[in-house]
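Here's the structure, in structure tokens; my notes come after.
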Amino acid sequence: MNPAHEYLNHLTRRQFFAGAGLAMGGVALSALAPRLVGATARQNPLDARIHPPLAGFPHFAPKAKRIIYLHMNGGPSQLDTFDYKPALQERFDQDLPESIRMGQRITTMTSGQTRFPVAPGIFKFAQHGNAGTWVSELLPYTSKIVDEIAVVRSVHTNAINHDPACTFLMTGSEIPGRASLGSWLSYGLGSENNDLPAFVVLTPRFSPKVAAQALFTRMWSSGFLPTSHTGVALRAGADPVLFLENPNGVDASTRRAMLDSLGKFNQLAHARYGDPETLTRIAQYEMAFRMQTSVPELTDFSNESQATLDLYGPAVKEPGSFAASCLLARRLAERNVRVVQINHRGWDQHGTLPEHLKIQCLDTDQGCYALVADLKQRGLLDDTLVVWAGEFGRTVYSQGTLTRTNYGRDHHPRCFSVWLAGGGVKGGTVFGETDDFSYNIVKDPVSLHDLNATLLHCLGLDHSKFTFKSQGLDQRLTGVEPAKVVKGILA
């Protein structure tokens, strides 16, 4: 049996012509590529980018060239961090009014409760910065940079459970299979660094004392986009990339010769079958070869000053810590990596919230502050967009037993807080407003589609024009529902 003949026998007419078009385009591209790259290199060697942007991209002059996304996986409590509700102290242990809940759905984790007692936060708030932004005592370092950040208190989402909520946050859809934000940006804007991936994912350690939801690779998957745009996940620890060094007896020149021979076989396979993924395989082998040199230099902090290490705190010296990941993100930004995504787990406080949320904030607060401050002092904040977000918020009512010093909170998609800093963002801004219970939005709602449209805008992209044909549809990160750029937080 000939696999090629069997494959062709099962093709529909539509699939054949679509595939033939891709194959011919690939053959033409492979024939032209050496001449195009050679011509570019002769004009200016610095412009010979392996992964250039799409033609016509960005759509307009961007304020940010890159993005660092700090994802607090699990859903931080907005009531205990950024959404100050002092009047709730007088409502301790009172039932949440039905006029506030309005029959909205809740998870099965609290739907069986006989009552929904209001749980005011026990942490003190204070105003900071020129704008007087209210910030919880849990975030003393973040409070130092409020004049650099815009706090959005009115973000809302469709999903109420972690898997679909995380998927929706990063891909614009609760249904798996869509491309992630980082993959969209890699695809559209390309990379300015030939030796590192355009999209890097970091998964720092978290406290063993807190519960943590699973991370899903679809949060950095390329979905329907070419797989070369999938995020490259660096491991937490002293060895971020396995098998980075050549085996004993194999030197760099031998490795290079082996990859050149392998590349020729892959080119023959692509010419025969026209599978675009073959070109991805060639590109990924080449990137792996370059990373053998670039990654060890990237992860070596020995050339960082003591002042910089002190800025991030003592945990920065621990490989795989959140602080070390933030310093690594700054070093990636220096090297013009387009997207860095840091996923910190353990923000799912259904019970014992005061103790566990405090642990999470202690683990991340100084790192977030140091990242923004470090970028600013190096002149990188102006063109680097930093985002801090979870997948949803937490309920005002307590899950489980409520006391004056202890409570838990369930998932709450109706409103939560996000902050942004850097390229294109107006610092010292507070946008949006929730009701007295931080349960419903009463002013300036921001959907996740609106948030993603705004992120794309800061990077010079019109979300309505940024599409990719898949399954007969012009797919967009912001979906088919109306989405708007949140101009109130833009500089």
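The values are calculated or read from the model by the stated rules, or taken from the named source; none is laboratory data. Nothing here was measured: the structure is a model prediction, and the numbers come from that model. Quick reminder, even Gly has a Cβ in these numbers, built from the backbone with ideal geometry, and neighbours come from all protein chains shown.
Odds and ends about this structure:
- Boolean, residue 294 is assigned to a helix (DSSP H, G or I), free of Cβ contacts under 8 Å to residues at least 60 places away in the same chain, outside the structural domain of residue 212 (by TED's automatic domain parsing) and among the small types (Gly, Ala, Ser): no
- Residue count, the stretch 448-491 (criterion: in contact with a Cys (Cβ under 8 Å, 6 or more places away or on another chain) and either polar (S, T, N, Q) or within 17 Å of residue 156 (Cβ to Cβ) (or both)): 0
- Scanning the stretch 161-170 for residues that are within 12 Å of residue 75 (Cβ to Cβ) and in contact with an Asp or Glu (Cβ under 9 Å, 6 or more places away or on another chain) yields a total of 4.
Matching residues to (1) in a loop (DSSP other than H, G, I, E, B); (2) closer than 23 Å to residue 348 by Cβ; (3) not assigned by TED's automatic domain parsing to the domain that holds residue 381:
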| residue | (1), (2), (3) |
| --- | --- |
| 100 | no, no, no |
| 163 | no, yes, no |
| 174 | yes, yes, no |
| 178 | yes, no, no |
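- Condition check for residue 364: under 30 Å from residue 65 (Cβ atoms) and among the β-branched types (Val, Ile, Thr): yes
- Unique match (being over 28 Å from residue 54 (Cβ atoms) and in contact with a strand residue (DSSP E or B) (Cβ under 8 Å, 6 or more places away or on another chain)) among 206, 265: 206
- Test for residue 247: is it assigned to a loop (DSSP other than H, G, I, E, B) and crowded, with 22+ Cβ neighbours inside 10 Å: no
- Evaluation of residue 317 against (1) in contact (Cβ under 8 Å) with a residue 24 or more places away in the chain; (2) under 16 Å from residue 206 (Cα atoms); (3) surrounded by fewer than 17 Cβ atoms within 10 Å (Cβ to Cβ) (one fails), failing number: (1)
- Taken over the stretch 453-467, the criterion of being in a loop (DSSP other than H, G, I, E, B) and within 15 Å of the chain's Cα centre (by Cα) is satisfied by 459 alone.
- Counted residues, the stretch 336-365 - those being among the aliphatic types (A, V, I, L, M) and either under 16 Å from the mean Cα position of the chain (by Cα) or within 22 Å of residue 221 (Cα to Cα) (or both): 4
- Residue within the stretch 149-157 that is surrounded by 24 or more Cβ atoms within 10 Å (Cβ to Cβ) and of a type in the set (Lys, Arg) present: yes
- Residue selected from the stretch 109-136 under the condition of a type outside the set (S, T, N, Q) and in a strand (DSSP E or B), by the criterion surrounded by the fewest Cβ atoms within 10 Å (Cβ to Cβ): 126
- Spans of strands (runs of 3 or more DSSP E) in the stretch 366-438 with at least 1 residues surrounded by 19 or more Cβ atoms within 10 Å (Cβ to Cβ) and either among the aliphatic types (A, V, I, L, M) or outside the structural domain of residue 153 (by TED's automatic domain parsing) (or both): 384-389, 393-398, 416-422, 429-431
- Among the residues listed as 71, 59, the single one being out of contact with any strand residue (DSSP E or B) (no Cβ under 9 Å at 6 or more places or on another chain) and either outside the structural domain of residue 424 (by TED's automatic domain parsing) or modelled with pLDDT of 95 or more (or both): 59
- The listed residue being assigned to a helix (DSSP H, G or I) and more than 26 Å from the chain's Cα centre (by Cα), out of 315, 307, 323, 329: 307
- Matching option when the condition is more than 25 Å from the chain's Cα centre (by Cα) and modelled with pLDDT of 55 or more, among 119, 33, 64, 41: 119
- Odd one out for residue 67 among (1) closer than 30 Å to residue 189 by Cα; (2) part of a loop (DSSP other than H, G, I, E, B): (2)
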